[in-house]
Amino acid sequence: MKATLSTPPAIPAGTLSAGPQPVISAPGELVIRPWEPADAAVFHSAYQDPEIRHWHTRQPSSEDQVREWFEQYRQAWAQETGASWAVTRGGDEVLGRLAMGSLNLDDGVAGCAYWVLPAARGAGVASRALTALSTWALGEAGFHRLHLDHSTRNHASCRVAVKAGFLLEGTKRSDAVHSDGRHDMHLHARIRGDELPS
């Protein structure tokens, strides 16, 4: 039996899953949409990129496993435990991935993560997409705080976070394992009411 809260939940259970996972638009003709089975090949190929492999130790072994992950993403949305989106150009060409996890609806808190395919890097795709997603999450969806972390050695990810309005809050020492061992991690967060960098 679930304990009774002394305060009302920030997001009542059933609020997110009452509707479909949203499609979100971002500047530059970016469309952030749920993954589709036809995306399995490009998703799998993304994890052949050395940069993505270095920073993400959980990697799909086949396109079939990718499709299993896509089904897990659909279930996570229905269970209000997480969400994953394809970042696309115009809804078709996949450029990257955005995800929300560790959803705490009672407190209105969630974690964010992202990657971008090599051909789309350096054009502001990740920061524009993350800004749009966090604006939806902190607005319409009802979250109060979003957080993300990245290796202190991942300077590109740090730039994305800052450009999307996620302030650096501190360093978590030896917090995560990457392909070359343990890394210190920068913790960033954006809360409702934060102004975006100009």
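The values are calculated or read from the model by the stated rules, or taken from the named source; none is laboratory data. Every value quoted in this text rests on a predicted model; they were computed, and no experiment measured them. We place every Cβ from the backbone using ideal geometry, glycine too, and count neighbours over all the protein chains shown.
Restricting the search to the range 19-53, which residues are in contact with a strand residue (DSSP E or B) (Cβ under 6 Å, 6 or more places away or on another chain) and over 22 Å from residue 90 (Cα atoms)?
Correct list: 52 only.
In a loop (DSSP other than H, G, I, E, B) and either of a type outside the set (A, V, I, L, M, F, W, C) or surrounded by 11 or more Cβ atoms within 10 Å (Cβ to Cβ) (or both): which single residue out of 72, 59 fits that description? Explain how you work it out, then say what you get.
Working: 72 fails: in a loop (DSSP other than H, G, I, E, B).
Exactly one of 72, 59 is in a loop (DSSP other than H, G, I, E, B) and either of a type outside the set (A, V, I, L, M, F, W, C) or surrounded by 11 or more Cβ atoms within 10 Å (Cβ to Cβ) (or both), namely 59.
Those residues that are in contact with a Ser or Thr (Cβ under 9 Å, 6 or more places away or on another chain) and either closer than 16 Å to residue 59 by Cα or among the hydroxyl-bearing types (Ser, Thr, Tyr) (or both), I need them from the range 168-182; list them, please.
Matches in the range 168-182: 171, 176, 177, 178, 179.
Can you list the strands (runs of 3 or more DSSP E) found entirely within the range 90-198 that contain at least 3 residues being crowded, with 16+ Cβ neighbours inside 10 Å?
Where strands (runs of 3 or more DSSP E) fall fully within the range 90-198 and carry at least 3 residues being crowded, with 16+ Cβ neighbours inside 10 Å, they are 93-104, 109-116, 145-151, 181-191.
Please pick out the residue among 11, 32 that is crowded, with 18+ Cβ neighbours inside 10 Å and either free of Cβ contacts under 8 Å to residues at least 24 places away in the same chain or part of a loop (DSSP other than H, G, I, E, B) (or both). Please lay out each step first, then the result.
On the way: 32 fails: either free of Cβ contacts under 8 Å to residues at least 24 places away in the same chain or part of a loop (DSSP other than H, G, I, E, B) (or both).
Matching residue, one of 11, 32: 11.
Need the failing condition index for residue 67 against (1) charged (D, E, K, R); (2) buried (at least 16 other Cβ atoms within 10 Å of the Cβ); (3) under 17 Å from the mean Cα position of the chain (by Cα), just the number.
With (1) charged (D, E, K, R); (2) buried (at least 16 other Cβ atoms within 10 Å of the Cβ); (3) under 17 Å from the mean Cα position of the chain (by Cα) applied to residue 67, the lone miss is (3).
Which of the residues spanning the range 44-56 are touching a helix residue (DSSP H, G or I) at 6+ places or on another chain (Cβ under 6 Å) and part of a helix (DSSP H, G or I)?
Scanning the range 44-56 gives 44, 46, 52.
Under 7 Å by Cβ, and 6 or more places apart or on different chains, what pairs join a residue from the range 155-184 that is modelled with pLDDT of 95 or more with one that is crowded, with 17+ Cβ neighbours inside 10 Å and acidic (Asp, Glu)?
172/149
Does residue 80 count as surrounded by fewer than 17 Cβ atoms within 10 Å (Cβ to Cβ), under 22 Å from residue 135 (Cβ atoms) and of a type in the set (Asp, Glu)? Show your work before the answer.
Numbers: surrounded by fewer than 17 Cβ atoms within 10 Å (Cβ to Cβ): yes; under 22 Å from residue 135 (Cβ atoms): yes; of a type in the set (Asp, Glu): yes.
The answer is yes for residue 80.
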